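Here the structure is laid out as structure tokens; the discussion comes afterwards.
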Amino acid sequence: MLNDLTRICSLKDNVGKTVTIGGWVYHSRPGGKVIFLVVRDGSGLCQCIIEKTTVPEELFRQLSHLGMESSLTLTGAVRADGRSVGGYEIAVTDAKIFCPTQDYPITPKAHGIDFLLKNRHLHLRSQRQWGIGKIRHTVVNAIRQFFNDNGFTLVDTPILTGIVGEEAGSLFNVDYFEMPAFLTQTGQLHLECAALSFGKVYCFGPTFRAEKSKTRRHLTEFWMVEPEVAFVTLPDLLEIAENFVSFIVKQVLEKNEEELKTLGADIESLKKITPPFYRLTYTQASEILTSQKTQDFLAAQLDEFKKLKQEIENKIAALEIETKGQIKQWRQDKITAELIDLRSDLAEIETKIENNPKHAKLASEFKWGGDLGGSDETIISLMYDKPVFVTHYPRDAKAFYMKQDPENPKVVQNFDMLAPAGFGEIIGGSVREDIYEKLLARINEEGYKLENYQWYLDLRRYGSVPHGGFGLGVERTIAWLTGEKHIRQCIAFPRMMDKILI
Ligand code: 4AD
Ligand code: MG
């Protein structure tokens with residue numbers, strides 16, 4: 001049967017021909033003489049027109065009662081119609097219903113996020129999740145293509161590991177035949193071994209962090225791609241990273257313009273993402289945070305938020321008045337959906353208004369020495385229209401493997417890439433400590449078990465070279481590209497502190 005079906009995305013090649021599509025009812029408008037069914041098949045949407053005179057009477061009756069997400073095949077002639085969703089229509093002459101569905105739990109728009117997360121198994125079919133999924137597919141392919149085309153060899157690093165890769169505080173312990181073991185936090189340490197074999201390598205897979213925070217930027221399971229290169233300097237790494245991210249953006253713009261539009265992404269801003277990106281040292285970033293300019297910037301933002309809040313409140317009030325009068329059911333439904341959206345926007349803006357002074361205070365009190373917090377990253381990245389590299393963080397705030405800067409031993413040769421418009425960190429990377437004694441001292445300082453790190457230290461005894469790399473978080477990158485507020489929407493089945501079931 002599958003072979004006999006035409007996918008909606010290829011209707012354009014079948015104008016005038018009779019085809020059969022297979023899919024699910026996205027929207028239905030039944031009438032006495034004609035039924036308009038918008039059907040989705042995973043490749044697009046298509047309006048199907050069923051006239052009473054062209055199909056058997058019983059079939060017409062059944063089709064007119066199909067609820068949202070009923071599954072069926074439809075056969076008919078394809079015609080181009082600019083006004084129709086997707087640009088093509090099918091004049092139906094036959095149909096086969098597989099699973100008539102009534103009371104599909106998710107109606108267009110009228111639900112809050114908690115409900116949608118509980119119903120992820122169904123919500124995955126929504127236009128929004130579909131669009132994000134298509135973009136994710138492009139991002140993943142672009143990642144592979146970039147490294148494959150630039151001489152990198154793929155190395156699959158283990159998911160079960162015996163050593164701490166990033167920080168001991170966020171490890172998932174595994175019961176591993178009575179030996180201490182964890183789910184990997186990074187493939188980097190193993191990848192360093194491979195870099196000294198192949199020269200340029202990358203790994204790409206799921207990564208785990210037992211993050212207790214429920215922020216919009218954290219998942220407990222996320223996908224990370226990590227390149228690692230031998231004979232590399234910090235400026236080399238920044239150049240690879242900016243070319244890499246620009247390539248991903250270009251591919252998404254080329255392949256997913258429609259999806260980006262549907263999602264309301266900022267396409268014009270994405271078009272500006274070309275190398276070079278901005279470069280700041282951590283010390284410069286800390287000066288920005290504590291400057292008067294930043295306080296003024298945040299104060300202006302607060303005014304904007306307040307104006308926006310007033311506008312939303314006015315809209316809500318107007319709709320609430322309308323619902324009290326005599327109105328038709330369809331209008332009532334539409335208002336209910338709009339109110340849910342507006343109230344969610346209102347809650348969001350209220351959180352921003354509440355956070356703004358806190359963030360301003362945190363920024364003004366920022367002390368050289370600590371890591372940049374989420375709000376600090378947001379502030380810096382709000383000030384730029386392209387990603388920003390922040391380099392040379394204090395040694396004490398960063399992971400043990402980062403190479404000390406020979407010119408300033410208080411900092412390391414590392415970088416974070418902050419996506420613009422407030423999205424914050426999408427990449428973390430560094431040159432690695434390649435001197436045996438220095439790395440040994442850092443491992444001891446962290447209190448890690450030396451015997452577990454012998455193999456990692458060996459790399460500094462046998463043919464050690466300057467080397468380094470970085471890791472890009474796939475979900476954070478997709479959130480930035482699509483304008484999605486929370487990264488949980490950027491993976492099909494998100495894993496968070498309170499979410500494991502679906
Ligand atoms: O900055 P991180 O922790 O760097 C590393 O793991 C290095 N070992 C990478 C390397 O040099 N090979 O993580 C890298 C990126 C972050 O910038 C972020 O995009 C993503 O991984 N990330 C998360 N994404 C979602 N949820 C979390 N809990 C994340 N933690 C990190
Ligand atoms: Mg980081």
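Brief remarks follow.
- Considering the stretch 74-168, there are no qualifying helices (runs of 4 or more DSSP H) wholly inside with 1 or more residues that are more than 24 Å from I478 (Cα to Cα).
- A search for C-beta distances below 6 Å between a residue of the stretch 247-263 that is farther than 20 Å from F146 by Cβ and any residue that is at pLDDT 95 or above and among the β-branched types (V, I, T), counting only pairs 6+ apart in sequence or on different chains, returns E259/I135; L263/T482.
Matching residues to (1) under 30 Å from D114 (Cβ atoms); (2) hydrophobic (A, V, I, L, M, F, W, C):
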residue: D296; (1), (2): no, no
residue: A300; (1), (2): no, yes
residue: K306; (1), (2): yes, no
residue: I312; (1), (2): yes, yes
residue: K315; (1), (2): yes, no
residue: E320; (1), (2): yes, no
residue: I340; (1), (2): yes, yes
residue: D345; (1), (2): yes, no
residue: I353; (1), (2): yes, yes
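- The helices (runs of 4 or more DSSP H) falling completely within the stretch 421-490 that include 3 or more residues that are over 16 Å from V164 (Cβ atoms) and either open to solvent by 50 Å² or more (accessible area, probe 1.4 Å) or more than 16 Å from ligand 1 (Cβ to nearest atom) (or both) map to 436-446.
- Selection over the stretch 265-303 of residues that are in contact with a Phe, Trp or Tyr (Cβ under 6 Å, 6 or more places away or on another chain) and surrounded by fewer than 14 Cβ atoms within 10 Å (Cβ to Cβ) gives a count of 0.
- G16 being more than 24 Å from T262 (Cβ to Cβ), at pLDDT below 95 and either loosely packed, with under 14 Cβ neighbours inside 10 Å or touching an Asp or Glu at 6+ places or on another chain (Cβ under 8 Å) (or both): no
- Scanning the stretch 123-137 for residues that are open to solvent by less than 30 Å² (accessible area, probe 1.4 Å) and either in contact with a Ser or Thr (Cβ under 7 Å, 6 or more places away or on another chain) or not polar (S, T, N, Q) (or both) yields a count of 4.
- Inside the stretch 82-125, residues that are more than 33 Å from the chain's Cα centre (by Cα) and of a type in the set (A, V, I, L, M) make up a count of 5.
- Yes/no for V411 being away from ligand 1 (no atom under 15 Å from the Cβ) and at pLDDT 95 or above: yes
- The strands (runs of 3 or more DSSP E) located wholly in the stretch 360-420 that include 2 or more residues which are open to solvent by 10 Å² or more (accessible area, probe 1.4 Å), touching a helix residue (DSSP H, G or I) at 6+ places or on another chain (Cβ under 9 Å) and not small (G, A, S) occupy 408-412.
- Residue among K410, K438, K367 that is touching a Pro at 6+ places or on another chain (Cβ under 9 Å), of a type in the set (D, E, K, R) and away from ligand 2 (no atom under 16 Å from the Cβ): K410
- Helices (runs of 4 or more DSSP H) contained in the stretch 176-284 and holding at least 1 residues under 20 Å from S430 (Cβ atoms): 188-198, 234-255
- Entry remark, the stretch 217-248: residues being farther than 16 Å from C490 by Cα and of a type in the set (V, I, T) number 5 in total.
- Residue in the stretch 210-231 that is modelled with pLDDT of 95 or more, away from ligand 1 (no atom under 11 Å from the Cβ) and open to solvent by 20 Å² or more (accessible area, probe 1.4 Å) present: yes
- The single condition among (1) open to solvent by 30 Å² or more (accessible area, probe 1.4 Å); (2) of a type outside the set (K, R); (3) more than 27 Å from the chain's Cα centre (by Cα) that L319 does not meet is (1).
The values are calculated or read from the model by the stated rules, or taken from the named source; none is laboratory data. Just so it is clear, the model here is predicted, and its values are computed rather than measured. For neighbour counting, all protein chains shown are included, and Cβ atoms are generated from backbone atoms with ideal geometry for every residue, glycine included. Surface accessibility is based on the protein's heavy atoms, side chains included, excluding ligands, DNA and RNA. Shrake-Rupley method; radii C 1.70, N 1.55, O 1.52, S 1.80 Å.
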